[in-house]
1. Restricting attention to the stretch A:42-87, and to residues there that are in contact with a strand residue (DSSP E or B) (Cβ under 6 Å, 6 or more places away or on another chain) and of a type in the set (D, E, K, R), which single residue is modelled with the lowest pLDDT?
2. Scan the stretch A:34-58 residue by residue and report those that are away from chain B (no Cβ under 11 Å), in contact with a helix residue (DSSP H, G or I) (Cβ under 7 Å, 6 or more places away or on another chain) and within 17 Å of A:GLU76 (Cα to Cα).
3. For the stretch B:1-37, enumerate the residues that are part of a helix (DSSP H, G or I) and either on the phi > 0 side of the Ramachandran plot or of a type in the set (Asp, Glu) (or both).
4. Inspect the stretch B:38-52 for any residue being on the phi < 0 side of the Ramachandran plot, touching a strand residue (DSSP E or B) at 6+ places or on another chain (Cβ under 6 Å), assigned to a helix (DSSP H, G or I) and aliphatic (A, V, I, L, M) and give the result as yes or no.
5. So B:THR46 ticks every box in (1) of a type in the set (Val, Ile, Thr); (2) under 30 Å from A:ALA66 (Cβ atoms); (3) away from every other protein chain (no Cβ under 12 Å) but one. Which box is left unticked?
6. Looking at the stretch A:54-63, can you tell me whether even one residue there is within 18 Å of B:PHE49 (Cβ to Cβ) and among the acidic types (Asp, Glu)?
7. Could you tell me which of the residues A:VAL6, A:VAL51 is in a loop (DSSP other than H, G, I, E, B), closer than 26 Å to B:GLU44 by Cβ and not polar (S, T, N, Q)?
8. What residue, among those in the stretch B:34-43 that are within 14 Å of chain A (Cβ to nearest Cβ) and charged (D, E, K, R), is surrounded by the most Cβ atoms within 10 Å (Cβ to Cβ)?
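The values are calculated or read from the model by the stated rules, or taken from the named source; none is laboratory data. Please read all numbers here as calculations on a predicted model, not as lab measurements. Here the Cβ is made from the backbone with ideal geometry for all residues, glycine too, and neighbour counts use every protein chain on show.
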Amino acid sequence: MIKIKVFGSTPPCAKCKEVEKRATKIAERYPGQVEVAKFPAISEEGLKYSVLFTPTVVVNDKVIAAGEVISEGELEKAIQKEMERQS
Amino acid sequence: MTVRMEVFSGDPPCPGCLAILALADEYAKKYKGRLEVIKLIGEEATAKFEEYKLGCVPAVVINEKIRIEGICPSRTTLDNALREGGL
């Protein structure tokens, strides 16, 4: 299972919402293989990854984007890379 | 009559939220006595954020009406919103 964690501000800004939307959309393309979870940037979970900017995206414990709206292509590429690594 | 302006910001704040908080301070001084400025940031904003059914921050609610959402407005836009709100 690939885990995508999206860290955003509380309440969310437009960029955080967009990243969450993109992550959810991509996860739907890989049913049962990709899971999306949303967390507040200022949280225990956020501290684990030293989240400084929002939105921050973590794929299987690797920070792949911080402070930017990652493109669907880039996010999907990171997911596929993880899938290859796991197989 | 005092006009009530509620300004919503995320925590951590995005650049738009930082800009709107600065604008809120500026307007609180500019219209002292005529404008009540309430800054709602992060967790403390959540209840009101949901009450107004806001979608994202930054946001401005004037006399309980949503006037700005998702962007930091220009001074002209905010002036117009305040005028419509009775200032």
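1. A:GLU82
2. Answer for the stretch A:34-58, where residues must be away from chain B (no Cβ under 11 Å), in contact with a helix residue (DSSP H, G or I) (Cβ under 7 Å, 6 or more places away or on another chain) and within 17 Å of A:GLU76 (Cα to Cα): A:VAL34, A:GLU35, A:VAL36, A:VAL57.
3. B:ASP25, B:GLU26
4. yes
5. (3)
6. No - not one qualifying residue is present in the stretch A:54-63.
7. On the way: A:VAL6 fails: in a loop (DSSP other than H, G, I, E, B).
Result of the check over A:VAL6, A:VAL51: A:VAL51.
8. Across the stretch B:34-43, the extreme among qualifying residues is B:LYS39.
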